[in-house]
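Trainee: Okay, here's the structure, questions in a sec.
The values are calculated or read from the model by the stated rules, or taken from the named source; none is laboratory data. Every value quoted in this text rests on a predicted model; they were computed, and no experiment measured them. Every residue, glycine among them, receives a Cβ derived from its backbone with ideal geometry; neighbour counts consider all protein chains shown.
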Amino acid sequence: MLLTVRQFVSVRAVSTLILAVFLYSGLIESVSAANLGANAEIPEKLAIISQNIEDDNSKDEENESDRPLTIAESLLEVCESRGYGEKCAETLLGMAWKESNFKATAVGDGGRAHGFFQIHYRLHRIPVECTRDLTCSANWTIDYLERNGYPRYETWAIQCHNGCAVNNGYAQSVQRHGSRLWAKEMGENGRLVAKIGE
């Protein structure tokens, strides 16, 4: 059975708590060394085990801060740097899923559209490298959305990414998938599997 990072940390925390209660409840201390006989070192060994668990937990916390950001976390950072919040990140998440299924190297529209948001790089005069960089392409996409009325006319602005005059349900699909993916990202099941660059 695979555990998410949050579930693993929770299991480790509960294990540490149970051991700490056992160690500090006085049960060990109430047993005299004479009663322990050959096992007189048990309390000391348990204290060492407890310390090792605490050390492992702090290493886990350090490793958690070193882990790569998820796509959703990266998009939220971009949106917050622009004065927006979770709704913006949710929208971009839906767009990136709809356009490229979170693939930085995706190519579409006969080779004209590249990257996470399938940006027509020649038409919009941006480097292909930007289309494949999540932060750069998300910033470009927000600029494009704003030029088309975002956030006041959110649905229209999203639709314009796929063609303003096209009535194909693109905006509604982006919003639906963005909401679903954002709920999954922020829910009990942990983080999205996709990482930047995968």
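Trainee: For segment 119-136, give me the residue count where each residue is surrounded by fewer than 17 Cβ atoms within 10 Å (Cβ to Cβ) and farther than 10 Å from Ala104 by Cα. Lay out the reasoning, then the answer.
Mentor: Our first condition is that a residue be surrounded by fewer than 17 Cβ atoms within 10 Å (Cβ to Cβ); within segment 119-136, this holds for 120, 122-125, 127-129, 135.
Cutting the leftovers down to farther than 10 Å from Ala104 by Cα gives us 120, 122-125, 127-128, 135.
Looking only at that region, the number is 8.
Trainee: Additional query: Can you spot a residue in segment 98-115 that is in contact (Cβ under 8 Å) with a residue 60 or more places away in the chain, assigned by TED's automatic domain parsing to the domain that holds Ser179 and of a type in the set (A, V, I, L, M)?
Mentor: Checked against the condition, which is being in contact (Cβ under 8 Å) with a residue 60 or more places away in the chain, assigned by TED's automatic domain parsing to the domain that holds Ser179 and of a type in the set (A, V, I, L, M), segment 98-115 yields at least one hit.
Trainee: Enumerate the pairs (first residue in segment 167-186 and touching a residue at least 40 places away in the same chain (Cβ under 8 Å); second residue anywhere and of a type in the set (S, T, N, Q) and not in a helix (DSSP H, G or I)) with beta-carbon separation below 9 Å, excluding pairs fewer than 6 apart on the same chain, so at least 6 apart or on different chains.
Mentor: Tyr170/Asn162; Val174/Asn162; Glu185/Thr70
Trainee: Which ones in segment 153-172 are exposed (fewer than 14 other Cβ atoms within 10 Å of the Cβ) and among the aromatic types (Phe, Trp, Tyr)? Show your work before the answer.
Mentor: Let us first name the residues in segment 153-172 that are exposed (fewer than 14 other Cβ atoms within 10 Å of the Cβ), namely 153, 163-169, 172.
Across segment 153-172, the qualifying residue is only Tyr153.
Trainee: Another question, then. Tell me, which residue of segment 75-84 that is assigned to a helix (DSSP H, G or I) and of a type outside the set (Gly, Ala, Ser) is nearest to Leu145 (Cα to Cα)? Steps first, please.
Mentor: Quick first cut of segment 75-84, residues assigned to a helix (DSSP H, G or I) only: 75-81.
In the following step, the residues that additionally are of a type outside the set (Gly, Ala, Ser) were identified as 75-80.
Numbers: Leu75: 14, Leu76: 16, Glu77: 17, Val78: 14, Cys79: 12, Glu80: 15 Å.
Checked segment 75-84; the qualifying residue nearest to Leu145 (Cα to Cα) is Cys79.
Trainee: Cβ-Cβ distance below 7 Å, separation of 6 or more or different chains: which pairs start in segment 139-152 with a residue that is buried (at least 16 other Cβ atoms within 10 Å of the Cβ) and end on one that is assigned to a helix (DSSP H, G or I) and of a type in the set (Lys, Arg)?
Mentor: Cβ pairs passing all conditions: none.
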